[in-house]
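Below is the structure I would like to discuss, written out as structure tokens.
The values are calculated or read from the model by the stated rules, or taken from the named source; none is laboratory data. Since we're looking at a predicted model, the values are computed, not measured. Cβ sites come from the backbone with ideal geometry, for glycine too, and all protein chains shown count toward neighbours.
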Amino acid sequence: MNAGLAAVRAGMEAATPVPGDVVVLINGADLTPEPIRWLWPGWLALGKLHMLAGATGQGKTTIAMKMAATVTVGGHWADGSRCEPGNVLIWSGEDDPADTLLPRLLAAGADRTRCYFVSGVRVEGEVQSFDPARHMAALEEQARAVGGVKLLIVDPVVSAVRGDSHKNTEVRRALQPVVDLASRIDAAAVGISHFSKAGAGADPASRVVGSIAFAAVARVVLVAAKVKTENGEDRGVLARGKSNIGPDEGGFEYSIEQVEPSPGIVASRIAWGQSVAGTARQLLAEPDEHRSKATAKGKAESFLRERLTAPTPVNALMREAGEAGHAWHTVRRAADSLGVVPRKGGLKEGWYWQLPEDAQKPPKVPTRNDGHLRQKLGTFGESGDAAGCSPAVDAVPNGACSEEVL
């Protein structure tokens, strides 16, 4: 038998369903639309997985304890909405329940009788360390025995992954038991994660450490960070970095306070501030970052005003902009702000830019058959822009736009 054919046949046999396996299909007519049920409207959904991410030292665990405390007493969330009271399950592989987590819960006003810490697993009479990657089924059994669990906290969530936390498939497979547990006990699950060091200034949700699957599997990604105000003071911001089930913008300021919930016990707690509008990327940006972008664009505008005293070849402009230290994407934004007009110089020439107040016609290209060229230029329209080209693109002789040059 041909080796290639044998390989194909072997693959087909391997893909043949095992006798008795039946794919279950559900017809849309048999389903009833259901609304998302919220523990914290727009922020924490019952039966769903959430991520709470941020750099080290931003107060992620303290925020999670504030959330837990709010649930245990049926308190008010940062937006003033009331929470339905319930029990909370907390597993932490980083902080001790007795000297860190419980003091923070008490500092936040929690009802300690509603707080349950996962301390281990009893196997054949011997207590072993709890492994989120192996013991979710056992945790579900205990959660059902407790009853009324509304919030599950896993810190850090990467502990639920036994394999490579940077591999998409392995992360998705490992997180599924957490997702299933949240769904079956009807609780909001919050996994705490760190930000990767790389990607500063990028979309915050994409900075969750490890595989992008951590952010992809979660229905809501919350990000926490301290940023500098215009006065140089630190401002904590909790924002929605992503939401597949609700609003994905807006946030709340917060500060971290040190209090003494009981004699000799000092712990940190979250104090919510005012609500803030904007995307997570905007809210977590430093003022200097906004200022530097505005300054760069302003300098690029000045460069264009000085240089575009007459129609100027874009290729030459690109070269001079680079020599002057201007990024081309910044020059393009500056050109859009100034309303720079693009004009085609000829069939074999590139594009020219000029300021809107300049009324010059497109530069004439030296040729013996000027009339012929003018006739050809008619296909580009009066301004040589019929192909929809903007200051940010060049044109090729057939009238199509090309971005390769710019």
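Conditions (1) in contact with a Ser or Thr (Cβ under 9 Å, 6 or more places away or on another chain); (2) surrounded by fewer than 18 Cβ atoms within 10 Å (Cβ to Cβ); (3) on the phi > 0 side of the Ramachandran plot, marked per residue:
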residue	(1), (2), (3)
Q128	no, yes, no
D131	yes, yes, no
R134	no, yes, no
L139	no, no, no
A145	no, yes, no
G148	no, yes, yes
V154	yes, no, no
V158	yes, no, no
R162	no, yes, no
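Something else now. So G163 passes all but one of these: (1) out of contact with any helix residue (DSSP H, G or I) (no Cβ under 7 Å at 6 or more places or on another chain); (2) free of Cβ contacts under 8 Å to residues at least 24 places away in the same chain. Which condition number does it fail?
So the condition that G163 fails would be (1).
Looking at A68, A53, can you tell me which residue is surrounded by 15 or more Cβ atoms within 10 Å (Cβ to Cβ), closer than 29 Å to S206 by Cα and either among the acidic types (D, E) or touching a His at 6+ places or on another chain (Cβ under 9 Å) (or both)?
A53
State whether one or more residues within the range 345-353 are at pLDDT below 50 and over 20 Å from K299 (Cβ atoms).
The answer is no; no qualifying residue exists.
Here are some residues: E253, E306. Which one is exposed (fewer than 12 other Cβ atoms within 10 Å of the Cβ) and either within 30 Å of V208 (Cα to Cα) or more than 29 Å from the chain's Cα centre (by Cα) (or both)?
Result: E306 is the single residue among E253, E306 that is exposed (fewer than 12 other Cβ atoms within 10 Å of the Cβ) and either within 30 Å of V208 (Cα to Cα) or more than 29 Å from the chain's Cα centre (by Cα) (or both).
While we're on this one: For the range 177-282, list the strands (runs of 3 or more DSSP E) that sit wholly inside it and hold at least 3 residues that are over 30 Å from H135 (Cα atoms); which are they?
Correct list: 220-228, 234-243, 251-262, 265-276.
Does the range 76-93 contain at least one residue that is in contact with a Lys or Arg (Cβ under 9 Å, 6 or more places away or on another chain) and more than 23 Å from K48 (Cβ to Cβ)?
Taking every residue of the range 76-93 in turn, none turns out to be in contact with a Lys or Arg (Cβ under 9 Å, 6 or more places away or on another chain) and more than 23 Å from K48 (Cβ to Cβ).
I would also like to ask the following. Please determine whether any residue of the range 176-193 is free of Cβ contacts under 8 Å to residues at least 40 places away in the same chain and either surrounded by 15 or more Cβ atoms within 10 Å (Cβ to Cβ) or in contact with a Pro (Cβ under 7 Å, 6 or more places away or on another chain) (or both).
So far as the range 176-193 goes, no, none of its residues is free of Cβ contacts under 8 Å to residues at least 40 places away in the same chain and either surrounded by 15 or more Cβ atoms within 10 Å (Cβ to Cβ) or in contact with a Pro (Cβ under 7 Å, 6 or more places away or on another chain) (or both).
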